[in-house]
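Participant: Sharing a structure below in structure tokens format, with a few things to ask.
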Amino acid sequence: MPWLVLVFVCLAALQTAHAQDWPGFRGPNGQGHSAALNVPLEWSESRNVAWKAVVGGRGWSSPVVADGRVWITTAVTGNRTSLRVLAYAVETGRLAVDVEVFNVGDTTLLKDKNSHASPTPIVQGGRVYAHFGTLGTAALTTSGDILWRTQLPYQPEYGNGGSPLLYGDLLIVNCDGSDQAYVVALDTRTGAVRWKTPRRTPSGSAYTTPLLVRVNSRDEVISVGANSATAYDPITGTEIWRVNHYGSSTVPSPVYGHGLVYLASGFQTVTLLAVRADGTGDVTATHVAWRMGRSAPLTPSPLLVGDELYIVTDAGIATCLDAATGRRHWQQRLKGEYSASPVYADGRIYFLSEDGVTTVVTPGTQFRTLATNALDGTTLASLAVSNGSLFIRTASHLYRIAASR
């Protein structure tokens with residue numbers, strides 16, 4: 001019997017470790033939540049920095065953490081552009097993997113604020129899925145061996161953006177260009193297309209990451225494109241429902257709770273909507289629970305914590321809303337401009353500005369700042385949380401922030 005107890009203890013420990021990984025954009029559930037404890041509250045360049053590693057090239061993919069490594073992508077540009085996957089050891093910051101995945105002739109950035117390596121990779125099951133928008137998508141082993149490569153044709157107006165979603169043996173990707181727009185599922189073993197569903201109207205680009213939700217007894221993939229958002233059957237790509245939001249150049253990814261999908265429309269028509277997720281067909285007139293026109297984010301994704309929804313605009317206006325009704329609890333100007341999406345960890349909310357300043361606040365209907373922490377350098381990537389540490393990427397470095405012991 002003792003060996004059975006040992007097996008169960010080891011399995012429980014393994015499950016806990018994986019539960020604290022941050023394997024893709026916005027964490028294990030794609031909504032910016034971490035179960036990690038003892039996450040640092042305060043830090044600076046000289047305090048609670050476990051390590052600081054140089055990152056070559058240019059890239060705004062967010063860090064992901066799995067199995068003792070921190071993964072990012074980057075683009076090293078000369079006469080050509082080398083699109084690379086990098087991995088750093090969690091404990092030491094040592095560069096463990098540096099592999100070129102694609103080498104492309106295009107070196108022109110379509111938007112100064114973007115990069116050729118902005119989508120965030122996914123690490124799961126001993127594989128790394130690296131997406132560089134229309135420049136290429138690939139699967140690698142965690143040792144850096146390339147398993148397959150493919151390219152998805154479309155013309156984004158401002159370069160690479162949204163990250164993929166992993167569902168079983170499917171890698172689901174939004175492809176929203178000015179010429180064509182579709183959602184595609186790739187076979188994770190081969191890279192072959194398993195299903196491809198066109199958008200009803202491309203009408204402008206989008207740069208969002210799909211979200212998997214469970215609605216009653218069915219799984220839905222919520223995919224926000226230009227002009228509208230759609231729920232798909234993740235196995236077949238069949239449309240379940242859609243809602244018009246009339247925005248374009250859409251960047252924020254959706255979140256889900258209380259039976260509602262919370263999504264931002266992006267530019268043109270700036271709106272935040274709460275949509276009931278149990279509909280079929282066009283639900284624009286029937287399933288929008290509430291909408292807000294002012295103070296909706298253009299780039300950062302929303303964050304749902306309990307009964308409150310938190311958003312921050314690109315200009316730094318943070319707002320707390322009642323998730324059920326959209327009623328505003330508080331609104332506060334934070335310093336700086338914002339591209340990163342906020343995260344929730346260890347009972348706190350972390351807002352990271354483009355200037356490398358993180359404002360930590362207490363969740364709830366009253367605004368209360370707990371700490372303001374500054375690092376050197378520009379930061380557009382969202383932070384990652386794993387095993388009591390924060391991982392922050394600036395234009396030139398990757399940090400592990402951990403409380404001193």
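Participant: Highest mean first, what order results for 183-194, 22-33 on Cβ atoms within 10 Å?
Facilitator: Result, highest mean Cβ count within 10 Å first: 22-33, 183-194.
Participant: Using only the Cα atoms of segment 294-374, construct the convex hull and provide its projected area averaged over every direction, in square nanometres to one decimal.
Facilitator: The Cα convex hull of segment 294-374, projected and averaged over all directions, gives 4.7 nm².
Participant: Can you tell me the FRET efficiency between S396 and A192 if r is taken as the Cβ-Cβ distance and R0 is 41 Å, rounded to the nearest 0.05?
Facilitator: E(calc), rounded to 0.05, equals 0.60.
Participant: Suppose each label sits 7 Å from its Cα in the direction of the beta carbon; what would the A285-A324 distance come out to in nanometres?
Facilitator: Each label point is offset 7 Å from its Cα along the Cβ direction, giving 2.8 nm.
Participant: Quickly rank 295-306, 141-152 as a protection proxy: mean count of other C-beta atoms within 10 Å, highest first.
Facilitator: 295-306, 141-152
Participant: Please give the FRET efficiency for F267 paired with Y167, using the beta carbon to beta carbon distance and R0 = 41 Å, rounded to the nearest 0.05.
Facilitator: That pair, F267 with Y167, gives E of 0.90.
Participant: Quick check for the chain: number of Lys pairs with alpha-carbon distance under 25 Å, counting only pairs 8 or more apart or on different chains?
Facilitator: Value for the chain: 4.
Participant: Treating the beta-carbon of each Lys and Arg as +1 and of each Asp and Glu as -1, no other charges, what is the dipole magnitude of segment 294-374 about its Cα centre, to the nearest 20 debye?
Facilitator: 260 debye
Participant: Going 7 Å from the Cα of I146 in the Cα-to-Cβ direction, what parts of segment 97-123 have a backbone nitrogen less than 13 Å from that spot?
Facilitator: 99-105
Participant: What percent does the relative contact order of the chain come to when contacts are Cα pairs within less than 8 Å and at least six residues apart?
Facilitator: Worked out over the chain, it gives 15 percent.
Participant: Cα gyration tensor of the chain, axes a ≥ b ≥ c as square roots of the eigenvalues: rounded (a/c below 1.5), prolate (a/b > b/c) or oblate?
Facilitator: Since a/c stays below 1.5, the shape of the chain is classed as rounded.
Participant: Quick one: order R200, R214 by neighbouring beta-carbon count within 10 Å, fewest to most.
Facilitator: Starting with the residue having the fewest Cβ neighbours, the order is R214, R200.
Participant: Additional query: Any idea how far apart T369 and R94 come out in nm if each label point goes 7 Å out from Cα toward Cβ?
Facilitator: The two pseudo-label positions are separated by 4.0 nm.
Participant: Given charges of +1 on the Cβ of Lys and Arg and -1 on the Cβ of Asp and Glu, with all other atoms neutral, how large is the dipole of the chain about its Cα centre, in debye to the nearest 20?
Facilitator: 260 debye
No lab work stands behind these numbers, since they all come straight from the coordinates. Nothing here was measured: the structure is a model prediction, and the numbers come from that model. We place every Cβ from the backbone using ideal geometry, glycine too, and count neighbours over all the protein chains shown.
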